[in-house]
Amino acid sequence: MRIPVKAFVSALSIVLAVHRAAAQQGAGFLDVGGEREQVMRVLQLTGDVAWYPWTIRGLSPAELDRIDVSSTRAAAMLPLAPKTRHAGLLRYALLPVQATGYYNSAFPYGYNDGPVWQGKGLTGAVSAGVAARLGPLSVQLEPMVFEAQNAAFTLMPTGTAGAPYLDAFHPTAIDHPQRFGPSTYKRVDLGQSSVRLDVGPLAAEISTANQWWGPAQENPMILGNNAPGFFHGGLGTSHPLNVWIGSVHGRVVYGRLEQSAYSPDQGNDSIRFMSGFVAEFTPRGVPGLELGGTRFFHSPWPTNGLSHAPWSRPFEGILKSSLESSANTSGDNPDDNQLASLFMRWAFPGHGLELYGEYGREDHNVDVRDLIQEPDHESGYLVGLERSWKKGETGVTALRAEVINTRISPLQQGRGEGPWYVHGPSVVQGHTDLGQILGSEAAYGGGGALLAIDRYRGKQRITLEWARLMRSESDAGLPQPSRADVEQTFSVLWSNGRGPLSTNAGVTGVWDLNRNFERDRFNLNLSSRVSYTW
């Protein structure tokens, strides 16, 4: 058989290109909301790590290739990366083995910890895995197993016979259990696992890893790592693309959302079809500025096959009036729920400052007049900043502040309005996956705030933090201070890395004022983690 010379040369050039690319890569790994990602964000502000859009995460291995972390300060502060190993063109790394323990003295407490649910008593979690790359293909397998003692504590009556574990405040409208059953609660989760292909300007992935949309550091309005990552497929840009007037970066995502065993809906519509997108734009000549938006839909899982799924839902009109049809004069699909937001982040690399904000909606507006007249209906906002100062050759001090407000507005006196992430009677699971809030726990309750000081000395970090989180407020009439359940917390957190071993520990005092609209309670939360990097 004769092989055309041109075809042979083309195939050879592709093989050589893949070889060159592999030789220049490490294995790379996703670290959504993790310590390495947090430190890189700080180092952006000090100018020790080149600026890169931070409102669409986790960052892929191909994106991490683009970020130079070779500065003296970055090398000193960043947690140790797994060692890249070679097997021909294949690059792989054994991911850190992590063992984490938590303790709650009086009631469940713990947020932004992925699949883990921290009940009363002891909770333990272990994760490990491997990351590999072959040219444009990257694979990560990082499962996690956890078990919560889930000891008994006083529950708020749900008003539903035989269902004592439903959500305390909206038991029939959201899958957010007070307690996951009467005994230990444990799960094996695929965690931060993914398969991704980066070809030129495009990237496609299948993943169960968490995603983080928007600029928030602690309270993402739409999507973060407060719940398990859900199974999804995505298609988007592999990196910010130059479009002359600036650069654009984004992804479209479709996924499968599941409910817990203690959801208010135990029928055939327990699985939901997720569709949405996140996109950001950086204007030319304004380095560090990110402008963007998100859209996220919950829809019933198509019983007659995925070919009938609402694939175009994220791109439909944003007003109910634009959706009207002869079959649906209300302009609204009663089986769907939409969340959407607009955001900005403005970082000043080298000057140690970033400012950010986000405005979100929990439903469509009826029409343009409705949007102009009542922009605060079913809405919320987030504002935040970080200021960083260099300390010596290997240190940084950072001040962080963030406020999120999703409280029920006085408009509800004449127009129905409920808490964020609740959209009954159609999507009774709310904005959750497997019983945990997909966005910010504070946004569900009505809002929260954070003030923290981080002191980095090489790989050692000490954090002093105050936080406020609303668990719920009364939605009967005007909001009343006596009908607000609010957690006030004070934390001391410490972490340190020595060679391949890193450890961290935390002590948090939680004062829950008007817990379950009854009386004040105190909870002591302890956490510790040991991580070994191969």
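Placing +1 on the Cβ of every Lys and Arg and -1 on the Cβ of every Asp and Glu, with no other charges, gives the chain a dipole of roughly 2200 debye about its Cα centre. Taking amide H as placed 1.01 Å from N in the peptide plane, the amide H of residue 192 sits under 5 Å from that of 142, each at least 5 places away or on another chain. Working from label points 7 Å from Cα in the Cα-to-Cβ sense, the residue 526 to residue 468 distance is 3.0 nm. For an R0 of 51 angstrom, estimate the FRET efficiency from the Cβ-Cβ distance between residue 389 and residue 137 and round to the nearest 0.05. Approximately 0.80, to the nearest 0.05. Each residue, residue 261 and residue 152, gets one label point 7 Å from its Cα in the Cβ direction; the gap between the two is 1.8 nm. In terms of the mean number of neighbouring beta-carbon atoms within 10 Å, the peptides 358-364, 489-495 order highest first as 358-364, 489-495. In order along segment 380-394, the Karplus-derived 3J(HN,Hα) couplings, from 6.51 cos²θ - 1.76 cosθ + 1.60 at θ = phi - 60°, round to x, 9, 9, 9, x, 8, 9, 10, 10, 10, 6, 10, x, 8, 9 Hz, and Gly and Pro are given as x. Our coupling estimate for segment 294-307, obtained by passing each phi through the Karplus curve with A = 6.51, B = -1.76, C = 1.60 and θ = phi - 60°, is 9, 8, 9, 10, 9, 9, x, 5, x, 6, 9, x, 5, 5 Hz, Gly and Pro reported as x.
Non-local lysine pairs in the chain, meaning eight or more places apart or on different chains, with alpha-carbon distances under 24 Å, amount to 4.
Taking amide hydrogens as placed 1.01 Å from N in the peptide plane, the amide H of residue 447 sits under 5 Å from those of 406, 470, each at least 5 positions away in sequence or on another chain. Per residue, the convex hull spanned by the Cα atoms of segment 150-308 amounts to 150 cubic angstrom. The protection proxy used here, the mean number of other Cβ atoms lying within 10 Å of each residue, ranks peptides 203-215, 431-443, 86-98, 273-285 as follows, highest first: 431-443, 203-215, 273-285, 86-98.
Taking amide H as placed 1.01 Å from N in the peptide plane, the amide H of residue 423 sits under 5 Å from that of 430, each at least 5 places away or on another chain.
First obtain the Kirkwood hydrodynamic radius of the chain from its Cα pairs, then insert it into the Stokes-Einstein equation at 37 °C and 0.692 mPa s, and state the resulting D in µm² per second as a whole number. The Stokes-Einstein estimate is 135 µm²/s. PRE reach from residue 355 (point 7 Å along Cα→Cβ): which of segment 387-407 fall under 19 Å by backbone N? Counting only backbone N, you get 387-389, 399-405. Between residue 405 and residue 160, the simple spin-label model (points 7 angstrom out along Cα→Cβ) gives 3.3 nm.
Working note: 222 nm ellipticity from helices only, DSSP H runs with n ≥ 4, each -39,500 (n - 2.57), summed and divided by the residues of the chain, gives -3000 deg cm²/dmol to the nearest 500. Using the Karplus relation 6.51 cos²θ - 1.76 cosθ + 1.60 with θ = phi - 60°, the per-residue 3J(HN,Hα) values for segment 443-455 come to 5, 5, x, x, x, x, 8, 8, 9, 9, 10, 10, 10 Hz, with x marking Gly and Pro. Across the chain, C-alpha contacts under 8 Å between residues 6 or more apart give a mean separation that, scaled by the residue count, equals a relative contact order of 14 percent.
Of the peptides 305-313, 372-380, the order by per-residue mean of other Cβ atoms within 10 Å, starting with the highest, comes out as 372-380, 305-313.
Read the figures in this text as sums done on the coordinates, not as results from a lab. This structure is a prediction, so every number in the text was calculated from the model and none was measured. Backbone-built Cβ (ideal geometry, glycine too); neighbour counts: all protein chains shown.
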